[in-house]
Amino acid sequence: MASFKSTKIPIYPKLGEKVTPDTLYWKNYKAPAQIKEFGAVTSIDFSPLAPHNYAVTASTRIHIYGPFSQEPVKTFTRFKDTAYSGKFRSDGQLLVAGCEDSVVRLFDVSGKVALRVFKGHTKGVHVTDFTSDCYHILTGSDDYTCRLWDIPNSTELTSYKEHTDYIRCGTTSKLNRDIFITGSYDHTLRVFDARVEKSVMTMDHSQPVESVLLYPSEGLLVSAGGRYVKVWDLLKGGQPLVSLKNHHKTVTCLSLSSNGQRLLSASLDRHVKIYNTTNYKVVHNFDYAASILSLALAPDDESIVVGMTNGVLSIKHRKSPEEKKEVAGKQRMRPVYRVFVKGRNYVPKKDDFLVSKPVKSHLAKYDKQLKRFNISKALDTALENRNPEIMVAVMKELDRRGTLKNALAGRDEQNLSQLLNFLIGNVVDPRFTPVLITATEMILDIYQAVVGQSSVVDRQLVRLQELVEREIDYQQDLLEVLGMLDTLFAASLPRKEVPCPGSSRPNGLAEGES
């Protein structure tokens, strides 16, 4: 008896991924290194000075990691409650951080004990930053206030209470020591000038604001909140320029590439989107295992560091030129075992015998059912794969055997609904249409007597009918367009004179005839 032949799954051509310079640039990173922190990673900040260590704020401590270290080179644990927003000063010597206990602490990076402690807020401080002159600190708190502090005297300079909800993000101007911007859960962004008693500009984001970012020129401001990333023109009084909605969940953090031409946004949907700042189209995408709370890029984009809600810190380092060459060398074909035993130039001789082991074939689940003639179970197993190529191949094999109608019959409401869902999703695909149209006709023949007994199946049948009718209309329109194009092409071709035998004129008419 002949052995069972497994079902042949056809391989259809697929569209290759569009390779762009951005794809090559952002894919040029090694596999991520992961570090487990003590809690959710709420803030990451790179030191502006080489070797560009970065501060990671998680739970009740701040760890400072070296660019390639897996263990912290420095740890600050002088917090009584959850720490927030550990930020380096522009000279890399000082570090400021807020805390849930409403106290702001200033540390020397080379020391352990807090140099300054600023008390004045009444609730947790989630926002801290240094001004451009390095002598003042901006803080924003859940008590709805933002304040400026003087570092040498440890005193409060000014306080603003214009927000009506938690202040969870803010940034200072690097060009003007008196300008700073805050974002709040009251859906507003406010621009403050320390020389003025109230805010000088207000913008409505329409969602609780989670992150703000200033472009290097400081003419544009980016805000993130809800599912939206919005760009504002500060030179035109805070006029909105672009509203981006590429995430499925709340956007939590923003970052700019080293050249300022790419904008990165991270979200609770576990994705990092990279936008071209010229047209704000997504040019690349990173996926992570958990929701993202913080994101930072090293200078020259040498590293991408992401902090997640599960306490995992993910670090991706850029490949060096030597590693690129090594990867390229590994992709080459390796020599087979025969080369090592006999040498590269070995040629089989006339009297040599080839001893080969029989190859054991492993059947797929649907092939095992087909081998046992369980045609309905074979169809169900193929449907579970969620691969349309496999499902269509099994249907084609059953149709060849003449048992497709038997496999489709005798199904309950749930199984029939699954089959109709598959047909709705794939019947208009030109690769599968010849097989699926036959299966659709069989289903209609079998179950036409029970139409009207299930509202779910009736709705799916109506959708299938509308889908097929719409596809027929498309095909008719395409045929009409094809006929028009044929007429245009025929009219545009140059006319050639055809000589007629027995006449001196090319069109066959004698002279004087019209």
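The values are calculated or read from the model by the stated rules, or taken from the named source; none is laboratory data. Because the structure is a prediction, the values reported are computed rather than measured. Neighbour counts run over all protein chains shown; Cβ positions are idealised from the backbone, glycine included. Side chains included, ligands, DNA and RNA excluded: accessible areas come from the protein's heavy atoms. Shrake-Rupley method; radii C 1.70, N 1.55, O 1.52, S 1.80 Å.
Quick notes on this one:
- Per-region count, the range 1-24, residues open to solvent by 90 Å² or more (accessible area, probe 1.4 Å), of a type outside the set (Lys, Arg) and at pLDDT 85 or above: 2
- The set of residues in the range 222-263 being polar (S, T, N, Q) and more than 20 Å from the chain's Cα centre (by Cα) consists of 239, 258, 259.
- Looking only at the range 171-215, and only at residues there that are among the β-branched types (Val, Ile, Thr) and within 31 Å of the chain's Cα centre (by Cα), the one that is surrounded by the most Cβ atoms within 10 Å (Cβ to Cβ): 209
- In the range 372-391, residue modelled with the lowest pLDDT [restricted to those that are within 29 Å of the chain's Cα centre (by Cα) and polar (S, T, N, Q)]: 385
- Selected residue (criterion: nearest to residue 121 (Cα to Cα)) from residues of the range 135-170 that are open to solvent by 60 Å² or more (accessible area, probe 1.4 Å) and in a loop (DSSP other than H, G, I, E, B): 144
- Residue within the range 87-94 that is in the same structural domain as residue 147 (by the TED database) and within 30 Å of the chain's Cα centre (by Cα) present: yes
Condition check ((1) closer than 21 Å to residue 201 by Cα; (2) of a type outside the set (Lys, Arg); (3) in the same structural domain as residue 226 (by the TED database)) across all residues:
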site: 123; (1), (2), (3): no, no, yes
site: 126; (1), (2), (3): no, yes, yes
site: 133; (1), (2), (3): no, yes, yes
site: 146; (1), (2), (3): yes, yes, yes
site: 149; (1), (2), (3): no, yes, yes
site: 152; (1), (2), (3): no, yes, yes
site: 155; (1), (2), (3): no, yes, yes
site: 158; (1), (2), (3): yes, yes, yes
site: 162; (1), (2), (3): yes, yes, yes
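- Residue 42, sole failed condition from (1) modelled with pLDDT of 90 or more; (2) within 27 Å of the chain's Cα centre (by Cα); (3) open to solvent by less than 50 Å² (accessible area, probe 1.4 Å); (4) not aliphatic (A, V, I, L, M): (3)
Here is a yes/no grid of residues against (1) farther than 30 Å from residue 66 by Cα; (2) free of Cβ contacts under 8 Å to residues at least 24 places away in the same chain:
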| site | (1), (2) |
| --- | --- |
| 128 | no, no |
| 142 | yes, no |
| 172 | no, no |
| 186 | yes, yes |
| 205 | yes, no |
| 208 | yes, no |
| 215 | no, no |
